[in-house]
Amino acid sequence: MGRERDARAEKAKHGGKPVILWALAGSSVHKVWPYIDITFARLMEVTDCVVYTSGDVTTQKLEHGWEKTDRMQLRSGKWTIRETLAFAQVADIVVGPETGVLNSVAFNKDVAKIVLLSHSSVNNLSRDWYNTILLIPMHTSCYPCHRLHYSWDNCRREPEGVAACQKDITPDTMWTALCQYIPDRKSTRLNSSHVAL
């Protein structure tokens with residue numbers, strides 16, 4: 001009960017602004033999306049959303065450059081997994097790869113979810129999840145591979161250092177998904193040219 005109370009108090013600090021919890025990476029090398037910074041910049045520019053990032057100490061490098069942005073709340077390596085999972089239950093939107101954080105809110109109808117699929121198909125992970133948008137790598141021939149990759153030995157690594165399936169999910173695809181969940185609370189500029197239709 002204490003963690004839920006603390007999570008609700010943390011969210012309440014933002015005065016009703018939409019709150020996003022973004023799981024930066026999963027437990028395997030292929031579960032990192034390369035366009036996080038582009039999307040964070042769009043969110044900061046044209047919405048009043050507050051973004052909480054989560055992960056372990058290794059994902060702190062993905063937070064670099066956002067330290068001085070008030071609406072970016074960087075929690076990688078700072079929150080315990082219990083704190084992260086409690087906050088996921090009260091966030092407006094939870095975004096990330098196939099992780100325990102996303103699984104923890106799968107059947108919470110009050111929390112919107114955006115999942116970046118990598119090794120799983122819709123049917124074997126999230127077909128029955130509530131209030132969920134699935135981002136599928138449509139042009140990656142090895143998707144879904146149904147494998148967890150703890151090295152790059154059997155995963156198609158792109159020159160940018162990320163898995164092909166994650167590179168395939170474009171920033172505009174993510175932006176369109178985000179706009180499905182924040183249109184009624186967005187800034188009036190959200191319907192700008194930044195939105196991919």
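The values are calculated or read from the model by the stated rules, or taken from the named source; none is laboratory data. It should be emphasised that the depicted structure is a prediction, and the values quoted were computed from it without experimental measurement. For neighbour counting, all protein chains shown are included, and Cβ atoms are generated from backbone atoms with ideal geometry for every residue, glycine included. Surface accessibility is based on the protein's heavy atoms, side chains included, excluding ligands, DNA and RNA. Shrake-Rupley method; radii C 1.70, N 1.55, O 1.52, S 1.80 Å.
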Original post:
Say we join alpha carbon atoms closer than 10 Å with springs in a Gaussian network model of the chain; which of G15, G100, G26 then has the biggest fluctuation?
Top reply: G15
Subject >> Sum of -39500 (n - 2.57) over DSSP H runs of 4+, divided by residues of the chain (222 nm, nearest 500) >> reply: -7000 deg cm²/dmol
Original post:
Gaussian network model of the chain, Cα springs within a sub-10 Å range: biggest mean-square fluctuation belongs to which of Q166, Q73, Q180?
Top reply: Q180
Original post:
Out of A7, I20, Y35, whose Cα points farthest toward the positive end of the dipole of the chain (charges: +1 Lys, Arg; -1 Asp, Glu; placed on Cβ)?
Top reply: A7
Original post:
So how much slack lies between E158 and T58, counting 0.36 nm per residue of separation and subtracting their Cα-Cα distance, in nm?
Top reply: 34.0 nm
Original post:
Put +1 on the Cβ of each Lys and Arg and -1 on the Cβ of each Asp and Glu in the chain; which of H64, T176, Y130 then has its Cα farthest toward the positive end of the dipole?
Top reply: Y130
**OP:** Check the straight Cα-Cα distances from K11 and name the aspartates and glutamates below 17 Å, setting aside those fewer than 8 residues away within the same chain.
**Re:** D48, D70, E83, D92, D110
Subject >> Long-range amide H partners of Y52 with built H, under 5 Å >> reply: I20, L21, W22, Q73
Subject >> Residue with peak Gaussian network fluctuation, the chain [Cα springs, cutoff 10 Å], from K17, K113, K31 >> reply: K17
**OP:** Give, in nm to one decimal, the length gained when the segment between E45 and S151 is fully stretched (0.36 nm per residue of separation minus the Cα-Cα distance).
**Re:** 34.6 nm
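Work out the length of the dipole vector of region 1-128 about its Cα centre, built from +1 on the beta-carbon of each Lys and Arg and -1 on the beta-carbon of each Asp and Glu, and round it to the nearest 20 debye. Please list the in-between numbers first.
Values: 17 positive and 15 negative charges, 35 e Å.
Here region 1-128 has a charge dipole of around 160 debye.
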Subject >> Given K31/K113; K13/K78; K68/K109; K13/K167; K13/K109, the pairs whose alpha carbons are separated by over 28 Å >> reply: K68/K109; K13/K167
**OP:** Considering only DSSP beta bridges where both residues belong to region 1-135, give the percentage that are antiparallel (nearest 5).
**Re:** 5 percent
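Let me check something: with ligands and nucleic acids excluded, how do Y130, Y150 order by accessible area (1.4 Å probe), largest to smallest?
Y150, Y130
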